[in-house]
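Reviewing the structure listed below.
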Amino acid sequence: MDISVIIPLYNEEESLEELFAWIERVMTAGGYTWEVIFVDDGSTDGSWQVIERLGGRAPGVVRGIKFRRNYGKSPALYCGFEQARGGVVVTMDADLQDSPDEIPALYRMITQEGYDLVSGWKKKRYDPLSKTLPTKLFNATARRVSGIHNLHDFNCGLKAYRLEVVKNIEVYGEMHRYIPYLAKNAGFTRIGEKEVRHRARKYGKTKFGLNRFVNGYLDLLSLWFLSTFGVKPMHFFGLLGSLMFILGFIAVVVVGAGKLYCMYHGLHYRLVTESPYFYLSLTAMIIGTQLFVAGFLGELVSRNAPERNRYQIAKRLDAPTP
């Protein structure tokens, strides 16, 4: 099979038939073997009934997954990735803002140009200023942290992947915004971008609020920390704790030496316990010790994790069986 199209959705019954007909035209014109996997993220309207109707009209092409409740886009993509069978996997939103006409070009970039992942870039957007400005700031931060400097739109729902990529990454929480970063951490570094057309929403209203930008930054920090220190927590907590303890100890020595100097030269002095710097120094030493112990405990947890020695193996050459 050439292409699997994965469409996560939530309350999009008005657009599904039009979207499927559009995808069908594109696939038929290109001569592809294909499937569409609709993932209904707990819709409360008639979305699932539309999916069942489409499945009856195109058995073997239309597949569907329905959640009992709304879990979010990342779980929907995770389940869709599990079921995908096409050599190239394309994800797109169900609201008709992503154009299926982009699929053939995305397919060629994967199969002919050798990319592992191609992300869409909606350079010209039909969104209000209150959405576009935070998006630009968010993407600039994501480029800086992830090191993927050639992507302008991490959150674009229209993406294409080699099947191997989606089978070797785990999308969880709200990490769908950072699938390119997840792919890079898994060793898939051939990441490209294609400028795609952004269409104005035709039906319904957006399901995402401004809180996604706050959650996005928190998720980015979590992903950066886990990818950098997830298997070596002592390198972070141990180093930071040691530095704080050493600085606190030096400060205590300075406070004590200052008192001894004053005593030796007959100058006025205060008790060490009357100095606020003494307590600040002790606090730094205590916090440093706690951070060091946190790193040590993190190492114990990491060394006993069942996935501590699970690595991404690209190819394997075994000796022939005698």
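The values are calculated or read from the model by the stated rules, or taken from the named source; none is laboratory data. Predicted, not measured: the structure shown is a model, and the values here were computed from it. Methodologically, a virtual Cβ is constructed for each residue, glycine included, from the backbone with ideal geometry; neighbour enumeration extends over all protein chains shown. Please note that ligands, DNA and RNA were not included when accessible areas were found on the heavy atoms of the full protein model with its side chains. Shrake-Rupley method; radii C 1.70, N 1.55, O 1.52, S 1.80 Å.
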Filtering helices (runs of 4 or more DSSP H) wholly in the range 128-192 for at least 1 residues that are within 12 Å of the chain's Cα centre (by Cα) and at pLDDT 85 or above gives 129-146, 179-185
**Message:** Taking the criterion of being among the small types (Gly, Ala, Ser), at pLDDT below 80 and out of contact with any Leu (no Cβ under 9 Å at 6 or more places or on another chain), would at least one residue in the range 247-257 satisfy it?
**Reply:** no
Restricted to the range 14-54 and to residues being under 12 Å from PRO100 (Cα atoms) and among the aromatic types (Phe, Trp, Tyr), the residue surrounded by the fewest Cβ atoms within 10 Å (Cβ to Cβ) is TRP22
Within the range 1-17, the count of residues that are closer than 19 Å to GLY60 by Cα and acidic (Asp, Glu) comes to 2
_Whether any residue in the range 130-148 is in contact with a Pro (Cβ under 6 Å, 6 or more places away or on another chain), open to solvent by less than 50 Å² (accessible area, probe 1.4 Å) and of a type outside the set (D, E, K, R) is what I want to check._
yes
